[in-house]
């Protein structure tokens, strides 16, 4: 029946599990992910730089330049291809950059990603990294991630090509707590005259929790919309609404 | 409302804004370029007379007007009406001149523009009211806006670069060579002298980069605006209360109707209609499947009792004879096959579970695999005994016995069995070696659990009488 109504746009992705349980994934968009990517690249460069220095001073000293150049190239390969795979397939489900920004990679169903998915989505970075900047001299090929960005903006779950292929999404794992400013507690608890639906109970709860963020006038304005429930308007209505909220909370 | 309103975190609000732009990207993009149109027309002479740099500066300066057009479309669509092209044209002059001095000169570089533009455009506030309103909206912090502005700067150039690389990819080989020569000259210290097509490509990618970035950042700013208002004004709560009010009003009206004893056919019919509508859904369609199967009885009746068989005249009985004899032959063949291969069933029936089970390799913590034992068990055991390693000697004998029981004797000894379990199973198997095994088990258990050493003769006798030979039952 909800098919009749046009689906509302939302940033949450609802997934229905068995027995009517619904999980909502907070899909993360391209901007924070871009930040995480920058941070990861920085970490990779620092690691490669440090290890290169180390090898140049040890292996290079003993075995000569060619040998250490080979080792450095192996290092480069390992870090650019396997660094994200290992971190994302591991316990964190996120590269260090993503971890810092509070992001996490999960399957479309919300469960942790498998090793195969981590390989797929990260090896496809090459495709997402196109078009490449043809650099001169040492720079070589630099990915601009134009394709990845375009795909992310074009899909409803902000998935890049790698995500689409591996059926994964990136979600907000850690959301900063929002300030709640409840108004003074209600003095009496009032049972509502009508049986309320779950979403209505939630709305009454939200009114109680956030009323302190609103001005007095606005509180009354919102409370007046619930006149059918409270049976009174103005600040008396707001007081009654608070009482109903208290009753609902006590009953839980 | 065509999007879900709920209090979100700041970055989720940005994502909502991006999703709003994505939802009708083509229209918003068109609206943006419509906003750009006056400046394109005005500054096209600059392009013709060879000042692409100045053209680009003017293009960039005019961006807020285009953002306004995009915001106009986005906000109208969010609240449920999709503006037409005529609405866009009507909005265009307002977008160009609304608070021109403030927006285009004084606050042109403001990084708050994505948020504050919504205040002046959608709420139409000016002066002190505008400033107060912005301050209230900014109470939730503007860190996201600052980050957004930084991203906008970087991303505009980066996107332009990306687009330029894309264009390079699509170039013909000749043009590519020409361009790369120009760049090589530039990088080796010369002036950048690009062919006209290269200049056009750079200009185009910059313009596209600016437009795309500004479009999405405008959307993101609008998302933040909506989210801030949701937090500080409780939009979502207001909407939920309104829905609740309509529902309660309906319930009350229905109750009133019921009390007035007006035949509540209307409501009932509504329910009925609803049920029918739901049942019409493909998910509730009843599928029936008809399966036709020939049962032997039918077959018999069809062949022997059907009138056609009977009316076959003098040949009817010949047909019947052939059929019956065929069946008899089949049954006889089956019986002979069963008799011929009876050992399969006998073996299967006799030792049913034992052969099917995997053979035990470790019993009571002792390795009993054949390959873990020496070839000459008794010899090795005697040697060990004479050298004073009693435990090892008898252990060898016992392991050897168990190993033989599992392998050649066909006794179903499981890994979890104890000594007495093994003994019981050996007795049940009724082998010739049962008596010897009883004696061996007794000696072994006395040694293993009670530390009672057997005498030399006992051990020598056990070795001499060793009845377990390779190669099946003797």
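Got a sec? Which of A:144, A:151 is in contact with a strand residue (DSSP E or B) (Cβ under 8 Å, 6 or more places away or on another chain), free of Cβ contacts under 8 Å to residues at least 60 places away in the same chain and under 20 Å from residue B:155 (Cβ atoms)? Before you say what the answer is, go through the steps one by one.
Numbers: A:151 fails: in contact with a strand residue (DSSP E or B) (Cβ under 8 Å, 6 or more places away or on another chain).
Being in contact with a strand residue (DSSP E or B) (Cβ under 8 Å, 6 or more places away or on another chain), free of Cβ contacts under 8 Å to residues at least 60 places away in the same chain and under 20 Å from residue B:155 (Cβ atoms) holds for just one of A:144, A:151, which is A:144.
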Only unsatisfied item for residue B:2, checking (1) in contact with a strand residue (DSSP E or B) (Cβ under 9 Å, 6 or more places away or on another chain); (2) in the same structural domain as residue B:216 (by TED's automatic domain parsing), is (2)
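Where in segment B:1-115 are there helices (runs of 4 or more DSSP H), lying wholly inside it, with at least 3 residues that are touching a helix residue (DSSP H, G or I) at 6+ places or on another chain (Cβ under 9 Å), farther than 21 Å from residue B:206 by Cα and more than 14 Å from every other protein chain (Cβ to nearest Cβ)?
Values: elements: B:10-23, B:25-48, B:52-61, B:63-78, B:85-97.
It comes to B:63-78, B:85-97.
Conditions (1) modelled with pLDDT of 85 or more; (2) in contact with a helix residue (DSSP H, G or I) (Cβ under 7 Å, 6 or more places away or on another chain); (3) outside any helix (DSSP H, G or I); (4) under 23 Å from residue A:225 (Cα atoms), marked per residue:
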| position | (1), (2), (3), (4) |
| --- | --- |
| B:162 | yes, yes, no, no |
| B:204 | yes, no, no, no |
| B:210 | yes, yes, no, no |
| B:227 | yes, yes, no, yes |
| B:230 | yes, yes, no, yes |
| B:237 | yes, yes, no, yes |
| B:243 | yes, no, no, yes |
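Would you confirm, using the coordinates I've provided, whether residue A:75 is touching a residue at least 24 places away in the same chain (Cβ under 8 Å) and within 14 Å of another protein chain (Cβ to nearest Cβ)? So that I can check it myself, show each step before the final result.
Numbers: touching a residue at least 24 places away in the same chain (Cβ under 8 Å): yes; within 14 Å of another protein chain (Cβ to nearest Cβ): no.
So residue A:75 does not fit the description; no.
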Which of the residues spanning segment A:86-108 are in contact with a helix residue (DSSP H, G or I) (Cβ under 7 Å, 6 or more places away or on another chain) and part of a helix (DSSP H, G or I)?
-> A:87, A:88, A:89, A:96, A:97, A:98, A:100
Does residue B:413 qualify as being assigned to a helix (DSSP H, G or I), modelled with pLDDT of 80 or more, in the same structural domain as residue B:454 (by TED's automatic domain parsing) and over 27 Å from residue B:455 (Cβ atoms)?
-> no
Can you name the condition, by its number, that residue B:299 falls short on among (1) at pLDDT 80 or above; (2) over 30 Å from residue B:48 (Cβ atoms); (3) more than 38 Å from the chain's Cα centre (by Cα)?
-> (1)
Restricting the search to segment A:171-185, which residues are modelled with pLDDT of 90 or more and touching a helix residue (DSSP H, G or I) at 6+ places or on another chain (Cβ under 6 Å)?
-> none
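Out of curiosity, is residue B:395 exposed (fewer than 15 other Cβ atoms within 10 Å of the Cβ), at pLDDT 85 or above and within 15 Å of residue B:463 (Cα to Cα)?
Numbers: exposed (fewer than 15 other Cβ atoms within 10 Å of the Cβ): no; at pLDDT 85 or above: yes; within 15 Å of residue B:463 (Cα to Cα): yes.
No, not satisfied.
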From the list B:441, B:418, which residue is surrounded by 13 or more Cβ atoms within 10 Å (Cβ to Cβ) and more than 19 Å from residue B:372 (Cα to Cα)?
-> B:441
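So that you can scan it fast, the table gives a plain yes or no per residue for (1) more than 24 Å from residue B:213 (Cβ to Cβ); (2) facing another protein chain (nearest Cβ under 10 Å); (3) part of a helix (DSSP H, G or I); (4) more than 48 Å from the chain's Cα centre (by Cα):
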position	(1), (2), (3), (4)
B:155	no, yes, yes, no
B:158	no, yes, yes, no
B:165	no, yes, yes, no
B:168	no, yes, yes, no
B:177	yes, no, yes, no
B:185	yes, no, yes, yes
B:191	yes, no, no, yes
Kindly provide the set of residues from segment A:115-151 that are in a helix (DSSP H, G or I), farther than 18 Å from residue B:164 by Cα and either at the interface with chain B (Cβ under 9 Å from one of its Cβ atoms) or modelled with pLDDT under 90 (or both), ordered by number.
-> A:125, A:126
Could you list, in sequence order, all residues of segment A:217-232 that are more than 17 Å from residue B:243 (Cα to Cα) and modelled with pLDDT under 85?
-> A:232
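The values are calculated or read from the model by the stated rules, or taken from the named source; none is laboratory data. This structure is a prediction, so every number in the text was calculated from the model and none was measured. For neighbour counting, all protein chains shown are included, and Cβ atoms are generated from backbone atoms with ideal geometry for every residue, glycine included.
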